[in-house]
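Here is the structure we will look at.
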């Protein structure tokens, strides 16, 4: 639900006026942005928040009817950002496997960590 709408108009170097719109929720957080582009129509950016009000996802700018790529964010139990997952670029094959490794420290303690490895085939 939109509680506030902002609209700004800017004059570009080519003398054409372009407008930007921002839609905000009841907590005054940006939820939806729309920016005029040169000829392709508006570029849209969507933003999501989790139940604690933290940023949980933000789309890359996309055109109406185009592919939507989202960056997601994860937090630890203290609210600290621990992970930011960016989308894979269009046309880039993805295929990653994750494994777990154990490493010893100088204090004799062990830490469990993730090692990411894998392979993929770009052929069909």
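Things to note:
- Residue 82 meets all of the listed conditions (1) more than 14 Å from the chain's Cα centre (by Cα); (2) modelled with pLDDT under 90 but one, namely (2).
- Search result, residues across the stretch 69-82 that are surrounded by fewer than 13 Cβ atoms within 10 Å (Cβ to Cβ) and more than 14 Å from residue 49 (Cα to Cα): 76, 77, 78, 80, 82
- Of all residues in the stretch 19-34, none satisfies being within 24 Å of residue 66 (Cβ to Cβ), surrounded by fewer than 16 Cβ atoms within 10 Å (Cβ to Cβ) and at pLDDT below 75.
The values are calculated or read from the model by the stated rules, or taken from the named source; none is laboratory data. Quick caveat, the model's predicted, so the values are computed rather than measured. Cβ atoms come from the backbone with ideal geometry, glycine included; neighbour counts cover every protein chain shown.
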